[in-house]
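Coordinate-derived values only; no laboratory data. Given the structure is predicted, the values throughout are model-derived calculations rather than measurements. All Cβ positions, even for glycine, are placed from backbone atoms using ideal geometry, and neighbour counts span all protein chains on display.
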Amino acid sequence: MDLFEYQGKQYFARYGIAVSPGDIADTVDEAAAVAERVGYPVVVKAQVKVGGRGKAGGVKLAENVDEVRMHAGNILGLDIKGHVVRRVWIERSSDIAKEYYASFTLDRQNKVHLGMLSAQGGVEIEVVAEENPDAIAFLSIDPVRGLDLETSRRWVNEAELDEPAREQAAELLVRLYECYTKGDCDLAEINPLILTPDNRVHALDAKVTLDENAAFRHPEWEEFRADEFEDPREKMAKEKGLNYIGLDGTVGIIANGAGLAMSTLDVVNQVGGAAANFLDIGGGADADVMASALEVINSDPKVKAIFVNIFGGITRVDLVAQGVIEALARVSITSPIVLRLDGTNAVEGRAILAPHLNEKLITEPTMLDAARRAVDLANA
Amino acid sequence: MSIFVDENTKVIVQGLTGGQGRFHGLRNRDYGTKVVGGVTPGKGGTDVDGIPVFNSVREAVDATGATASFVCVPPKFAAAAIIEAAEGGITFIVCITEGIPAQDEAITYNRLVEDFPGVRLLGPNCPGIISPGKCNIGITSGDIALAGGPVGIVSRSGTLTYQALYELSQQGIGQTTCVGIGGDPVPGTNFIDCLAAFEADPETKAVMMIGEIGGSEEERAAEWIKLHMTKPVVSYIAGVTAPPGRKMGHAGAIISGSKGTAQAKMEALAAAGVHVCLNPTEAGQKMGEIVKAL
């Protein structure tokens, strides 16, 4: 789960990382009230989960309440790369002497944590990496040992941060590492991390991606979830515990296992169709899960045919078949369903379906045959 | 020959008394695997369909001589279970658990490397390993595999592993061993580990490699193949049509920026002399041609 900037800053604050005082606003009136409370000058920042806000006009400085009202009015509702701004974050403007970059993420190749620190912040780190790779100090961190203050100090020196920033930055990086590890982030990034003219170091932005697998030990993530604005199809799927990504095609896809689901998308594409979604019902899917999956797909008006591609392993095909029958009894599915069932208990599964087959409930022996049939039906 | 396991491998199941552990543990035993014990704290002294249950891995190993463990416990407990297996004397750990936090995986992987260098972890979030006719540890349905070789399979995705087995078995082509390495960001065993083992195994004559978007393991495997692999490799990469920036189910399957795309992986593999196919069926057919020509 990607966090909005304001959520990232709230998360940072939990771990003692200095951020600018501020608050969120969903309306122009709220924005004015927050600005009065925070004190001028303020920065009005669009809250969208996409980069390039500044260039799109989503970040503005305001000296007084009239300017806050004007900027908040312009930014709220603004479309930034397909993301409509529904909320702004208003914080006290900071004077900036220097801009740095800091982040922690997993180095998948070496299976350790990777810290990146640069005295050249405020621009995209990918650009720095391309044009001036020596400007980034990389630090490999053994997840068992973690990051201590001594190492952090050496790292800050190596990155050649300005002298007055070094000790504060070293301490802040240890806290950011805590946030990244104990806080179960896939990514914790500060860009820019700033040094003010009066020699204070703090986070001016926050980019945080949380690892959903760790949600069980983070009840505090609930409030982040409540503030998510998402595709209604994805929201419904999430409520039902399904792994769903909305796409633009006409063939609804249900598969078990991420690899098979991806492959199903590919095969539908290869035979001339386009998938309406990615939906992995996961391992051990039972009748309820299958019924929920069909309901979610059925709610998408673009879907003209549904392709259910199951290869049972931990998932039992008989339970999937049962789920299809139950779903058909529960909701009226508008599109024809093409099934391909193999693997654990496939014989039992096919036997359960046999008496129910008709022109809107079809089975095909192979993945390719089923894809062709579903695409034909969707294009008919 | 098979890699990593064989007909003599003795296996314990951590979580044998749970629903999934019981179903798959008993299925593994019915397949002919030597499932010699189960581990569930507090349930020592009981049994599951005749398989003795122990309170700890150490007790189970002492009593049975097991060297392999099938970890089938919920994500919250999986990291601790893997470490317990290593501490208890197990040298081959198969963890099928899906949904383990990445931070736990990173710590567990590095603890094994540092403190238990002789231990191999397969997974997490993988279907396991099957050497047809000899040993099946995990959740793969044994009836889709065919004994006798000559093909080795290594795959990042569970269901595509089954698909690959099925495509080959349908044509009467057997497998020496089929390894599912799993789709998580920190897999215990990677493509190169398996490719090297297949290269060294005289009975394996060709290898099917199933990858997917995300990370750079396929590219690294391509480099290794170019330098060291003498046997033909057929590959299929899932996720050609995946949109960037979205996690496609597996935590590891995400295209970030221009990195991790199926296209880049396919190009790297093709440049290393691998037969790159566009779907699992095509990969199966290609392998059919190669095996016929052996």
Shape parameters for the stretch A:44-161, alpha-carbon atoms, Rg then Dmax in Å: 18.2, 53
Cα extents of the stretch A:1-72 along the three principal axes, largest first (Å): 34, 26, 18
Amide H contacts of A:ASP186 (H built 1.01 Å from N, under 5 Å, at least 5 apart or other chain): A:THR209, A:LEU210, A:ASP211
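Any idea what % of Cα-Cα pairs in the stretch B:27-146 are farther than 18 Å?
Across the stretch B:27-146, Cα pairs with separations above 18 Å total 52 percent.
For chain A, what is the mean residue ellipticity at 222 nm derived from helices alone (per DSSP H run of n ≥ 4: -39500 (n - 2.57); sum divided by total residues; nearest 500 deg cm²/dmol)?
-11000 deg cm²/dmol
Can you tell me the FRET efficiency between A:ASP286 and A:ALA18 if r is taken as the Cβ-Cβ distance and R0 is 45 Å, rounded to the nearest 0.05? Mind showing how you got there, number by number?
On the way: r = 48 Å, r/R0 = 1.08.
For R0 = 45 Å, the calculated efficiency reads 0.40.
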Relative contact order for the stretch A:204-289, counting Cα pairs under 8 Å that sit 6 or more residues apart, in percent: 27 percent
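Within a 10 angstrom radius of the beta carbon, how do A:ASP79, A:ASP205, A:ASP2 rank from fewest other beta carbons to most?
On the way: A:ASP79 10, A:ASP205 21, A:ASP2 16.
The fewest-first ordering by Cβ neighbours comes to A:ASP79, A:ASP2, A:ASP205.
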Amide H contacts of B:VAL276 (H built 1.01 Å from N, under 5 Å, at least 5 apart or other chain): B:SER235
Average Cα contact separation per residue, chain B, under 8 Å, 6 or more apart, as relative contact order %: 14 percent
Spherically averaged projected area of the stretch B:143-294 from its Cα convex hull (nm²): 8.1 nm²
Cα-based radius of gyration of the protein assembly as shown once divided by 2.2 N^0.38 Å, which approximates compact folds: 1.01
Helix axis angle, B:158-170 relative to chain B longest principal axis, alpha carbon, degrees: 70 degrees
For the stretch A:323-328, 3J(HN,Hα) per residue [Karplus equation, 6.51 cos²θ - 1.76 cosθ + 1.60, θ = phi - 60°, Hz, x = Gly/Pro]: x, 4, 4, 4, 4, 5
Alpha-carbon centroid distance for the pair the stretch A:74-138 / the stretch A:271-303, whole angstrom: 36 Å
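In peptide B:153-161, how many Cβ atoms from other protein chains are near each Cβ within 10 Å, on average? Could the numbers behind the result be given before it?
Values: counts 0, 0, 1, 2, 7, 10, 21, 8, 5.
Whole-number average of other-chain Cβ neighbours for B:153-161 is 6.
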Under-5 Å amide H pairs with B:ALA206, H placed in peptide plane, nonlocal only: B:GLY152
Karplus (6.51, -1.76, 1.60) ³J(HN,Hα), θ = phi - 60°, over the stretch A:183-195, in Hz, Gly and Pro reported as x: x, 6, 9, 7, 8, 10, 10, 10, 8, x, 8, 10, 10
Most fluctuating residue given options B:GLY99, B:GLY42, B:GLY65, as computed from a GNM of chain B linking Cα atoms under 10 Å: B:GLY42
When each of A:LYS9/B:LYS265; A:LYS304/B:LYS292; A:LYS98/A:LYS207 is checked by Cα-Cα distance, pairs over 30 Å: A:LYS9/B:LYS265; A:LYS304/B:LYS292
Debye-sum result for the stretch A:99-146 in log10 I(q)/I(0), which assumes one identical scatterer on each alpha carbon, at q = 0.18, 0.33 Å⁻¹: -0.55, -1.18
Enclosed volume per residue, in Å³, of the convex hull spanned by Cα atoms of chain A: 163 Å³
Cα-projected label distance for A:LEU328 with A:VAL123, points at 7 Å along beta-carbon direction, nm: 6.1 nm
Degrees separating the helix B:191-200 axis from the principal Cα axis of chain B, which is the longest one: 90 degrees
Using a Förster distance of 41 Å, the FRET efficiency for A:GLU131-A:ALA226 (Cβ separation, nearest 0.05): 0.50
Loop trypsin sites (Lys or Arg not before Pro), the stretch A:281-380 (other Cβ atoms within 10 Å of the site Cβ: 14 or fewer; DSSP): none
Kirkwood-based Rg to Rh ratio, the stretch B:16-92, C-alpha trace: 0.92
Full-stretch length increase - B:LEU294, B:PHE23 - with 0.36 nm per residue and alpha-carbon distance subtracted: 93.7 nm
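Can you tell me the convex hull volume per residue for chain B, based on C-alpha atoms, in Å³ to the nearest whole number?
Each residue corresponds to 116 Å³ of Cα convex hull volume.
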10 °C / 1.306 mPa s Stokes-Einstein diffusion coefficient of the stretch A:208-298, Kirkwood radius on C-alpha pairs, µm²/s: 112 µm²/s
Max mean-square fluctuation residue, GNM over chain B, Cα-Cα springs under 10 Å, options B:THR91, B:THR241, B:THR140: B:THR241
Neighbouring partner chain Cβ atoms per residue of A:358-370, average, 10 Å criterion: 1
Cα→Cβ-extended label distance, 7 Å offset, between A:GLU167 and A:ARG154, nm: 2.1 nm
Length gained when the stretch A:ARG200-A:TYR40 is fully extended (0.36 nm per residue, less Cα-Cα span): 55.7 nm
From phi via Karplus (6.51, -1.76, 1.60), per-residue ³J(HN,Hα) for the stretch A:267-282 in Hz, x at Gly/Pro: 5, 4, 5, 5, 9, x, x, 9, 6, 8, 5, 10, 9, 9, 7, x
Exercise: per-residue mean of other protein chain Cβ atoms within 10 Å, B:215-222: 1
Candidates per GluC sites (Glu not before Pro) in the stretch B:4-95, loop by DSSP, up to 13 other Cβ within 10 Å: B:GLU7
Length released on extending from A:ASP26 to A:ALA215, taking residue separation times 0.36 nm less the Cα-Cα span: 65.4 nm
Neighbour-limited loop hits for GluC sites (Glu not before Pro), the stretch A:274-380 (at most 10 other Cβ within 10 Å; DSSP other than H, G, I, E, B): A:GLU359
Pairs of Cα atoms farther than 23 Å apart, the stretch A:108-231, %: 36 percent
The stretch B:91-155: equivalent-ellipsoid semi-axes (sqrt of 5 x gyration tensor eigenvalues, Cα, Å): 26, 14, 9
Histogram of C-alpha separations across the stretch B:141-227, 5 Å bin width, %: 3, 15, 27, 24, 19, 10, 3, 0
Gyration tensor (alpha-carbon) shape descriptor, the stretch A:73-117, a/c threshold 1.5: oblate
